[in-house]
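Just dropping this structure here.
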Amino acid sequence: MSTLPISTDDSPTFLTELIFRLKVKDAMTREVITARRTDPLRDLQLLMREHQISGIPIVEGPRLLGIVSMDDVIRALDEGRIDEPAGDHMSRQVIVLEDDMPLSFGISSMDKYRFGRFPVLSKEKQLVGIITSRDILVALLVEFNREAERLEDDIPSRPTDDSYRREYRVRKYDFELAGKPTSDIKKRLKEAGLHPKLIRRVAVASYELEMNQVVHSEGGTIAVRLNPQQVEIIAIDNGPGIPDVEQALEEGYSTATEWVRSLGFGAGMGLPNARRVSDDFEISTGSHGTSVRCRFALPEHQTEEDSHATQ
Amino acid sequence: MRLSEIKDALGLEILLGSPDCEIAGAYTSDLLSDVMAHANEGDALITIQAHNNTVAVASHVDAPAIIICSNRPIPESMTDAAHEHDIVLCRTELNQFQVSGIIYAALR
């Protein structure tokens, strides 16, 4: 993603996957130290010292009103206003994250806004956590360790050549090249001896997601991952996000332009089709982009040769 | 059924591929996502969508042939794509309804 401050092109695919797979809620601190707007700043200063934190959200019930940072406290001390209520000194324009956003959004927000912390809100706009760059690092390290352990466990039983991964770039409005990634993926799955019916399901999902990126997004990538257990199609685009995912998952809902429709696309069936053929379907979206993951289970011994052999 | 069996009834102009192409059925739609969702393997695709994305869709659902209706002009990029994906490309003056009716009757 172009907005990500780290280059994902050359980084290990595991890292790239991780920052998209982990959600903000997986990394955030859930026990948030908060204050009310009537609390004197002095109390907040003590809270900061006691808990070693650099910012405190000001709330009314579950609702976020603003945030007071260490800078605000220092300034109030300078000006001799430390006994005034927190509400008079808080920033009201607070950049927040949503708990369901991929961690990548958190990382790019850190880079973009240079704030030390972001309050995290639920879909219902309630304060559910707070996230700092330290939280993100810790979450990534924990997950890295887990993955490393898993890899160590797997090495003896798993030859390295039975996992396949490939990523394709998809460009906005590039109808000429559209379909090439899916053709390529199909070919690869055929070579792997997968059942034609399964290949077709994967192709439907892959093509629909590809066309979605061509028609609706600023461009993105389609990745395929194949291992003995499953096939995955992972589509990640660079925005602008889907305003109403529930609606987009309903058949017939479309935001496509007239000329896109005239080509036979934009019938509002893309996401529903992709979801229908998948064994497991995940989607997350925000203004930074949309990521979709379709999983297809590989029943054991369901390759073409095997099904012939049992006939 | 072979395309050659309905070639005359449809006034079919076979632009690419062999009239010996076998079709198991047919699916009529101009919505490519609808084709992705409902066409069966072996179906001929009856449509007025004359562009290379139609070929991609046909290929993904394993449709062996595309029948372009109402004599719509076919761009070179579509012929190239059909060649690449080994899909039979035909055209007729008849519209989708007429083509569907004739093929439906012939298959019964």
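Under 5 Å between amide H atoms, partner at least 5 residues away or on a different chain: which partners does B:N95 have, H built in plane at 1.01 Å?
Hits under the 5 Å cutoff: B:S70.
Additional query: Fully extended, how many nm does the chain gain between A:Y253 and A:D83 (0.36 nm per residue separation, minus their Cα-Cα distance)?
So the extension gain works out to 55.7 nm.
Please enumerate, by chain and number, the lysines with C-alpha under 28 Å from the C-alpha of A:K123, excluding those fewer than 8 residues away in the same chain.
A:K23, A:K25, A:K112
In sequence order, what are the phi-derived ³J(HN,Hα) couplings for the range A:135-141 according to the Karplus relation 6.51 cos²θ - 1.76 cosθ + 1.60 with θ = phi - 60°, rounded to whole Hz, with x for glycine and proline?
These are the phi-based 3J(HN,Hα) values: 4, 5, 4, 4, 4, 5, 5 Hz.
Within chain A, which is the longest segment containing none of the GluC sites (Glu not before Pro) that sit in a DSSP loop and have at most 10 other Cβ atoms within 10 Å? Don't skip to the end; give the middle numbers.
Working: sites that count: A:E31, A:E79, A:E124, A:E300.
In chain A, the maximal stretch lacking such sites is A:125-299.
Then there's this: Provide the gained length on full extension for the span A:D279 to A:L15, in nm with one decimal, where the gain is 0.36 nm per separating residue minus the Cα-Cα distance.
My answer for the length gained is 92.6 nm.
Rounded to the nearest 500, what is the protein assembly as shown's calculated 222 nm mean residue ellipticity when only DSSP H runs of at least 4 contribute -39500 (n - 2.57) each, over all residues? Don't skip to the answer; put the middle values down first.
Working: 17 runs with 164 residues, N = 419.
Mean residue ellipticity, 222 nm, calculated: -11500 deg cm²/dmol.
At a probe of 1.4 Å, how much accessible area disappears from chains B and A on forming the pair, both sides counted, to the nearest 100 Å²?
1800 Å²
Could I ask something else about it? Could you run the Karplus curve 6.51 cos²θ - 1.76 cosθ + 1.60 with θ = phi - 60° over the range A:184-199 and give me ³J(HN,Hα) per residue in whole Hz, x for Gly and Pro?
Once rounded to whole Hz, the list reads 5, 4, 4, 4, 5, 5, 4, 4, 6, x, 6, 5, x, 5, 5, 4.
Spin-label point model (7 Å from Cα, Cβ direction): what's the B:R108 to A:D174 distance in nm?
Using points 7 Å along Cα→Cβ, the separation is 4.8 nm.
So, R0 is 56 Å and r is the distance between the beta-carbons of A:R150 and B:S18; what FRET efficiency does that work out to, to 0.05?
It comes to 0.60.
What's the angle, to the nearest 10 degrees (0 to 90), between helix A:41-51's Cα axis and the longest principal axis of chain A?
Once rounded, one gets 50 degrees.
Under a cut-off of 26 Å between alpha-carbon atoms, report the lysines in cross-link reach of A:K190, not counting same-chain residues fewer than 8 places apart.
Filter leaves A:K180.
The values are calculated or read from the model by the stated rules, or taken from the named source; none is laboratory data. What you are looking at is a predicted structure, and each value in this text was computed from that prediction instead of being measured. Counting neighbours? That spans all protein chains shown, and the Cβs are built from the backbone with ideal geometry, glycine included. All accessible areas refer to the heavy atoms of the entire protein, side chains included, with ligands and DNA or RNA removed. Shrake-Rupley method; radii C 1.70, N 1.55, O 1.52, S 1.80 Å.
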